[in-house]
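S.K.: Before anything else, here's the structure in question.
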Amino acid sequence: MSTTSTLAQPKSIAVPSWREEGAQPFVQIDQLTKQFGDFTAVNSVSLDIYKNELFCLLGGSGSGKSTLLRMLAGFEQPTSGRILIDGVDMANIQPWERPVNMMFQSYALFPHLSVEANVAFGLRREGIKSSEVKKRVADMLDMVQMGHLAKRKPHMLSGGQRQRVALARSLVKRPKLLLLDEPLGALDKKLREETQFELINIQDELGVTFVVVTHDQEEAMTLATRIGVMDQGIITQIDEPHQVYEYPNSRFVAEFIGNVNLFEGTVMGDERDSVTIHCPDTNSMIRADHGISCAPNQTVYAAIRPEKIRISREKPVEETNSTCGVIAEIAYMGSQSIFKVRLASGKEVRITQPNFARDMGDRLTWDETVYLSWDADSSVVLIS
């Protein structure tokens, strides 16, 4: 959207609705399953979504996220399980009778109709009087900054402008729930980033509950109040974005959300507030400042994000949570640099560092021997 638009500010909610004691879910998905022949696309999923949330279903191709969205819309019938929206069971309610609208990835605009006629189409089908249609369409086009292009046809618009028209058409009927299937997938990177903030502003202003399906991790992290990470038809973790990133509950989530270094090792000590792991790849001990429940000598994985690892020519004082290797790759990305360091074991470790200084100076370079270290609170220990 417009490059001059103001970025969204954090919502001023003292206690998010999903944390409120006794809060009632707006959308309840209970043991939902969808099978296509022998293939199970969605496998016994249970999920609560609360009013005014911007909830993201995040997963790769074939994870089941779009099938789940289509069942919410009524375009697919569940094999088993229930969907309740605002307390009403959707089992026998047709798609056009649900308090739901859906915005498709393709936008599905009518090419022969103008912008305003596209947005007005659903209202006119409902028989709403012309004066009311005109006002609601004008208000919605102003909200998405498309009022000045109301007379244009879709082929005269850019991808971002078509996306805004599709959003206006989805919202003008004032649904209780808006479903968005990869809504920004057709936009270039810069426009996608700008549009994410606009989408947050619009959702916050209207107070409509959004459920967004995306495969883009950064998009989900930017948009969502909470994220449900899907894999092979199940939701593997549901939490707020920073919790999913900082405290993944499995190797799959750790690797799917952002970049991560996984070190396999054996548990040597497990206390209430710490766990010590012997890691052959680092030829050292890794300590994490939290305990886990596991069997003695169990194999586990220490997950450490690249930005939490320090890289230096100087050997650290502490031998725990440290290792050394040779710089194999360097990528200068403008705001940050990425280093790949090859350990003696052959394992490559990824490190990212912000580029604070404009002058490159005495920078680390290829084939240098360097030392890596990190804090105990930077490690997340995963059993599976």
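S.K.: Any chance you could give the angle, 0 to 90 degrees and rounded to 10, that helix 115-125 forms with the longest Cα principal axis of the chain?
M.R.: 60
S.K.: Now a separate question. Nearest 10 degrees, 0 to 90: what angle lies between the long axis of helix 159-171 and the longest principal axis of the chain (Cα atoms)?
M.R.: Approximately 60 degrees, to the nearest ten.
S.K.: So how far apart, in nm, are the two label points at LYS315 and MET156 if each is 7 Å from Cα heading toward Cβ?
M.R.: 7.3
S.K.: Given a Förster radius of 56 Å and the C-beta distance between GLN94 and THR365 as r, what FRET efficiency does 1/(1 + (r/R0)^6) yield to the nearest 0.05?
M.R.: 0.30
S.K.: In the range 103-156, which GluC sites (Glu not before Pro) fall in coil by DSSP and have 14 or fewer other Cβ atoms within 10 Å?
M.R.: Answer in residue order: GLU126.
S.K.: Also, quick follow-up: Using only alpha carbons, build the gyration tensor for the chain and give me the equivalent ellipsoid semi-axes, biggest first, whole Å.
M.R.: Over the Cα atoms of the chain, the ellipsoid semi-axes are 45, 27, 17 Å.
S.K.: Give the relative contact order (percent, whole number) for the chain; include only Cα pairs under 8 Å separated by 6+ residues.
M.R.: Computed over the chain, the figure is 15 percent.
S.K.: Still on this structure: Looking only at trypsin sites (Lys or Arg not before Pro) in DSSP loops with at most 14 other Cβ atoms within 10 Å, what is the longest site-free stretch of the chain?
M.R.: Answer from the scan: 152-271.
S.K.: Could you list, bin by bin from short to long, the percent of Cα-Cα pairs of the range 280-343 in 5 Å steps?
M.R.: Spelled out per bin, shortest first, that is 4, 11, 22, 24, 16, 12, 7, 3, 1, 0.
S.K.: Next up: Going by Cα centres, the range 244-273 and the range 328-356 are how many Å apart?
M.R.: Between the Cα centre of the range 244-273 and that of the range 328-356, the gap is 20 Å.
S.K.: How fast does the range 259-382 diffuse by Stokes-Einstein, in µm²/s, taking the Kirkwood radius from C-alpha pairs at 10 °C and 1.306 mPa s?
M.R.: Answer from the Stokes-Einstein relation: 106 µm²/s.
S.K.: Which order results if VAL15, VAL27 are arranged by neighbouring Cβ count within 10 Å, fewest first?
M.R.: VAL15, VAL27
S.K.: What FRET efficiency, computed as 1/(1 + (r/R0)^6) with R0 = 45 Å and r the Cβ-Cβ distance, is obtained for GLU348 and ALA23, rounded to the nearest 0.05?
M.R.: Plugging the Cβ-Cβ distance into 1/(1 + (r/R0)^6) gives 0.50.
S.K.: Please list, in chain and number order, the residues 5+ apart from SER337 or on another chain whose amide H is under 5 Å from its amide H, with Hs placed from the backbone.
M.R.: Under 5 Å from the amide H of SER337 lie the amide H atoms of GLN353, ASN355, each far enough along the sequence or on another chain.
S.K.: With a cut-off of 8 Å between alpha carbons and a minimum separation of six or more residues, what is the relative contact order of the range 259-382 in percent?
M.R.: For the range 259-382, the relative contact order is 29 percent.
S.K.: What is the Cα centroid distance between the range 179-213 and the range 37-61, reported in whole angstrom?
M.R.: The range 179-213 and the range 37-61 have Cα centres spaced 18 Å from each other.
S.K.: How charged is the neighbourhood of MET102? Take every other residue with its Cβ under 15 Å from the Cβ of MET102, and add Lys/Arg as +1 and Asp/Glu as -1.
M.R.: The answer is +3.
S.K.: Across the range 309-322, in residue order, what do the Karplus-derived ³J(HN,Hα) couplings come to in whole Hz, using 6.51 cos²θ - 1.76 cosθ + 1.60 with θ = phi - 60° and x for Gly and Pro?
M.R.: Once θ is set to phi - 60°, the couplings for the range 309-322 become 9, 8, 10, 7, 7, 8, 6, x, 5, 7, 7, 5, 6, 8 Hz.
S.K.: Also, quick follow-up: Using 1/(1 + (r/R0)^6) with R0 = 51 angstrom and r between the beta carbons of ALA138 and THR33, what's the FRET efficiency to the nearest 0.05?
M.R.: E between ALA138 and THR33, to the nearest 0.05, is 0.70.
S.K.: Going down the list LYS51/LYS153; LYS134/LYS189; LYS129/LYS151, which pairs span over 32 Å between their C-alpha atoms?
M.R.: Distance filter (> 32 Å) returns LYS51/LYS153; LYS134/LYS189.
Read-outs: derived from the displayed coordinates by stated rules, not from any lab. Please read all numbers here as calculations on a predicted model, not as lab measurements. Neighbour counts run over all protein chains shown; Cβ positions are idealised from the backbone, glycine included.
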